[in-house]
Amino acid sequence: MAVPAHRRVFVLGDMDLQDRPLRILVTDLGEPVDGDGPVATPEMHQGALDYFADVDASVERAEQERVVRYADAPVGAPQPPVVLSETVYPRGWPAELGTFALRNDYDAPFTYEGESYPTVVHGYWALFAADRADHDRIRAAASAREARELGGAASGRADWAGRRTAVMAALLRAKFAQHPRLAELLVATGEGSILYTGISDAPFWRDEGPRGGRNWTGRLLELIRSELLAAAPGRAG
């Protein structure tokens, strides 16, 4: 009777029997179910009890199947997300490395396909450009911000929408492969999700909280972190 009246009919979540087994059990033997239904008998009570026993067994089987099916799922409380916020350092990057170094605008020169780029931002927008002259001008930009602005103003490759995620993944792999200290910093973020925030990148690349955003940069960083862990000595490949 503690169940609100409007929810009682489906309290068991059974579209076929609805709440009938409960109504039978709360009816004394020899009394009509619902006041005008069939008279409750020991057989009806036992049938209702069998129903609940079957439900309990089904729940137990489902839990056992879930354990097997999701045997690779993380255990324990989930780790809080690692938020890579967009931050400006007018006087230059701090001497002590922090998670800011995991962002794409951090100065960490690397080589990709025979070309050198000051930051991942430089590499991404240079490779976006359809014209070689634009590529070189973007690569030579004095800052990641300037590279982003030059790239956005350049004519892009016609096939970029289908290539951009793979290109970004390749650039990030090159950055962390060529900067072991940054790779250690990425691995040190643990197993939590990585949220890449800010306003400089398109919503495709960043997390926008309740407003959405696809957070592809964060997802790729999680992938590369996993690859680094898998390749570490003493770990299964």
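The values are calculated or read from the model by the stated rules, or taken from the named source; none is laboratory data. Model, not experiment: these values are computed from the prediction. With ideal geometry, Cβ positions are generated from the backbone for all residues, glycine too; neighbour counts draw on all protein chains shown. Keep in mind that these areas ignore ligands, DNA and RNA; they rest on the heavy atoms of the full protein, side chains included. Shrake-Rupley method; radii C 1.70, N 1.55, O 1.52, S 1.80 Å.
Every residue in the range 213-230 that is in contact with a Ser or Thr (Cβ under 9 Å, 6 or more places away or on another chain) and assigned to a loop (DSSP other than H, G, I, E, B), please. Listed by number, the residues that qualify are G213, N215.
Among the residues of the range 189-212, those that are β-branched (V, I, T) and either under 15 Å from T87 (Cβ atoms) or in a loop (DSSP other than H, G, I, E, B) (or both) comprise T189, T197, I199.
Each row is one residue, and each column tells you yes or no for (1) within 27 Å of the chain's Cα centre (by Cα); (2) closer than 29 Å to V187 by Cβ; (3) open to solvent by less than 70 Å² (accessible area, probe 1.4 Å); (4) without any contact (Cβ under 8 Å) to a residue 40 or more places away in the chain.
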| site | (1), (2), (3), (4) |
| --- | --- |
| S85 | yes, yes, yes, no |
| Y89 | no, yes, no, yes |
| A108 | yes, yes, yes, no |
| P118 | no, yes, yes, yes |
| V121 | yes, yes, yes, yes |
| Y124 | yes, yes, yes, no |
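Residue-by-condition table, conditions (1) touching a strand residue (DSSP E or B) at 6+ places or on another chain (Cβ under 6 Å); (2) at pLDDT below 95; (3) under 30 Å from P21 (Cβ atoms); (4) not aromatic (F, W, Y):
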position	(1), (2), (3), (4)
A40	no, no, yes, yes
A53	no, no, yes, yes
A62	no, no, yes, yes
V67	no, yes, yes, yes
V75	no, yes, no, yes
R103	yes, no, no, yes
Y106	no, no, no, no
F110	no, no, no, no
G114	no, no, no, yes
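Checking the structure you have, find out if any residue of the range 38-51 is open to solvent by 100 Å² or more (accessible area, probe 1.4 Å) and either closer than 30 Å to K175 by Cβ or hydroxyl-bearing (S, T, Y) (or both).
The first filter runs over the range 38-51 and keeps only residues open to solvent by 100 Å² or more (accessible area, probe 1.4 Å), leaving 43.
Narrowing the set further to residues that are either closer than 30 Å to K175 by Cβ or hydroxyl-bearing (S, T, Y) (or both) leaves none.
The answer is no; no qualifying residue exists.
Among the residues of the range 197-237, those that are open to solvent by less than 50 Å² (accessible area, probe 1.4 Å) and β-branched (V, I, T) comprise T197, T217, I224. Considering the range 145-166, the residues that are open to solvent by 10 Å² or more (accessible area, probe 1.4 Å) and of a type in the set (A, V, I, L, M, F, W, C) include one that is nearest to V88 (Cα to Cα), namely L150. Residues in the range 2-14 that are part of a loop (DSSP other than H, G, I, E, B) and at negative phi were compared, and the one that is surrounded by the most Cβ atoms within 10 Å (Cβ to Cβ) is L12.
Residue-by-condition table, conditions (1) among the aliphatic types (A, V, I, L, M); (2) open to solvent by less than 50 Å² (accessible area, probe 1.4 Å):
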| residue | (1), (2) |
| --- | --- |
| D16 | no, no |
| V67 | yes, no |
| A73 | yes, yes |
| V82 | yes, yes |
| P94 | no, yes |
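The sole residue among E113, E184 that is under 29 Å from the mean Cα position of the chain (by Cα), more than 19 Å from E86 (Cα to Cα) and open to solvent by 70 Å² or more (accessible area, probe 1.4 Å) is E184.
Restricting the range 23-37 to residues that are of a type outside the set (D, E, K, R) and out of contact with any helix residue (DSSP H, G or I) (no Cβ under 6 Å at 6 or more places or on another chain), the residue that is most open to solvent (accessible area, probe 1.4 Å) is V26.
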